[in-house]
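Working notes for the structure below.
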Amino acid sequence: MSGALDPIQEDLPLDLTQSPTKLPAPQRTVRQPGGGLPPSLLEQVLARLRAIPWARLRAKAAPVLRTGAGQLGTAAKVAVTRGSTVARVAVKRGTPYAVQLAKGTARISFIRAFPLLVARTIHLFGFPGVVFRTAIQFTIAHRSGLAIDEVVYFRVDDPAGYTVYEAPPKLGTAIAITYLPTLVLAILSVLCLAPALTPRAILHLPITWVTWVQLWLGLAFASHMLPSYEEAGPVAEQARVGVVKADPISVFWVIPAQIVALLTRLGGILPAVAGVAACWWLASSIFR
């Protein structure tokens, strides 16, 4: 019957001979005419490298490299030579300069420390005056009803003794605390120096160890009768402020307070010299 479907075949062979399916044909490796495989990528790179004319390039680059190496060597020699020269000059010039700098620094330090050393020596020699002055100052401040923070009777420094107290509201109290010890120490100094400085023909007394003790105590009291700048400065400032307010005590005291503050500004040497000179002159003039 024409146009009829093919009968269904229940059992078909494994090779599907009835309706074979076409599969893609496997790729085949194309061989070169000589029968070998084509060169790999690595082999191609190596072949190109071998084809470069290395000998010719080396011959052309040799003079350039030789010239550059010579220039680098010359530059290195110059750098080393100049560096060693600079180093030698630095050593030759640097060592004396360092020594000179050290000497200058030591000299400046000694110059700055010398006044403090002298002041400390004066304080050590005249420690009775330091202790006595501080005790008087503390007593006056305490009796005035001022709050006292700290009291140092003696230390090896400049100033050697001090009293830290509340700022007095009145100039008269400040003057008493600062300058009443000056008056007491001046009197004690004259009382000690006068017998020692009086000619022996007048007193008819021999020179004994008592005479040397009198000299020592007199000089100790005289060298510390003037206040330090930490004491005289605030009084001078308070007197200056009082002058503006037309305070009579300030008007009378402002000039002496400024003179003492200026005298004591540089440390304890000038006040000691001034006190000793004044007391020595006064004690030697009593019986003459």
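The values are calculated or read from the model by the stated rules, or taken from the named source; none is laboratory data. All of these numbers come straight from a predicted model, not from anything done at the bench. Here Cβ is always computed from backbone atoms with ideal geometry, including for glycine, and neighbour counts include all displayed protein chains.
Numbers below:
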quantity	calculated
Per-region count, segment 201-212, residues assigned to a helix (DSSP H, G or I) and either within 21 Å of Trp281 (Cβ to Cβ) or of a type outside the set (A, V, I, L, M) (or both)	6
Residue identified as over 22 Å from Trp281 (Cβ atoms), of a type in the set (S, T, N, Q) and surrounded by 14 or more Cβ atoms within 10 Å (Cβ to Cβ) among Thr182, Thr198, Thr139	Thr139
Residue in segment 218-226 that is closer than 25 Å to Ile175 by Cα and touching a Lys or Arg at 6+ places or on another chain (Cβ under 7 Å) present	yes
Number of positions in segment 261-272 that are in contact (Cβ under 8 Å) with a residue 40 or more places away in the chain and out of contact with any Gly (no Cβ under 9 Å at 6 or more places or on another chain)	5
Criterion (in the same structural domain as Leu270 (by TED's automatic domain parsing) and modelled with pLDDT of 90 or more) met by exactly one of Ala201, Ala194, Ala167, Ala222	Ala222
